[in-house]
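The values are calculated or read from the model by the stated rules, or taken from the named source; none is laboratory data. Here the structure is a predicted model, which is why all the values come from computation and not from measurement. Positions of Cβ are generated from backbone atoms using ideal geometry, with glycine treated the same way; all protein chains shown enter the neighbour counts.
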Amino acid sequence: MPDAPTYAILGRGRWAQRMRSILEGEGRRVVTIQATRQKNAESEDEYKSRLAASLAAHGVPHCTHVFAHGPHGLGLARGSGDAATWTTLAEAWMAEQKHGVAPRRPGTETA
């Protein structure tokens with residue numbers, strides 16, 4: 001599989017086309033994933049699975065977290081139950097992408 005793209009653009013409109021040409025003009029590797037909207041007959045879980053599969057098919061590093069309750073973005077709210085862990089999970093994933101190793105979290109050390 002080729003190296004992961006520098007950027008993944010979700011969508012196909014004028015903004016996506018313009019951003020692609022700008023980024024490619026800077027020598028960056030770009031993929032455009034066009035089927036990013038949820039279909040009418042598609043459940044939330046089906047949509048999330050399809051989007052994750054599309055990212056994987058294009059070699060885009062990603063991580064999917066599906067929580068039992070709450071709308072998109074709830075993980076940014078304090079006191080939002082299990083979804084409140086999203087920021088910690090996102091931070092660990094980004095560190096892993098940058099350094100190749102996830103940071104240790106307090107309480108997860110092993111002897």
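Restricted to the stretch 22-38, and to residues there that are farther than 25 Å from Ser49 by Cα and of a type in the set (A, V, I, L, M, F, W, C), the residue that is nearest to the chain's Cα centre (by Cα) is Leu23. Filtered by the rule that a residue be touching a helix residue (DSSP H, G or I) at 6+ places or on another chain (Cβ under 9 Å) and either surrounded by 15 or more Cβ atoms within 10 Å (Cβ to Cβ) or touching a residue at least 40 places away in the same chain (Cβ under 8 Å) (or both), the stretch 12-30 gives a lone residue, Val30. Which residue is modelled with the lowest pLDDT, if the candidates are limited to the stretch 95-106 and must be of a type in the set (A, V, I, L, M) and surrounded by 13 or more Cβ atoms within 10 Å (Cβ to Cβ)? So the residue we want is Ala102.
Here's the yes/no breakdown for (1) more than 30 Å from Ala68 (Cα to Cα); (2) over 19 Å from the mean Cα position of the chain (by Cα); (3) not charged (D, E, K, R):
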site	(1), (2), (3)
Gly13	yes, yes, yes
Gln17	yes, yes, yes
Arg20	yes, no, no
Asn40	no, yes, yes
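Restricting Gly75, Gly70 to residues that are surrounded by 12 or more Cβ atoms within 10 Å (Cβ to Cβ), at positive phi, without any contact (Cβ under 8 Å) to a residue 24 or more places away in the chain and in contact with a helix residue (DSSP H, G or I) (Cβ under 8 Å, 6 or more places away or on another chain) narrows the list to Gly70. Checked against the criteria, Ala53 does not count as more than 21 Å from Leu10 (Cβ to Cβ), among the small types (Gly, Ala, Ser), assigned to a helix (DSSP H, G or I) and at pLDDT 85 or above. The residues of the stretch 59-68 that are within 14 Å of Leu10 (Cβ to Cβ) and in contact with a Pro (Cβ under 7 Å, 6 or more places away or on another chain) amount to a single one, Val60.
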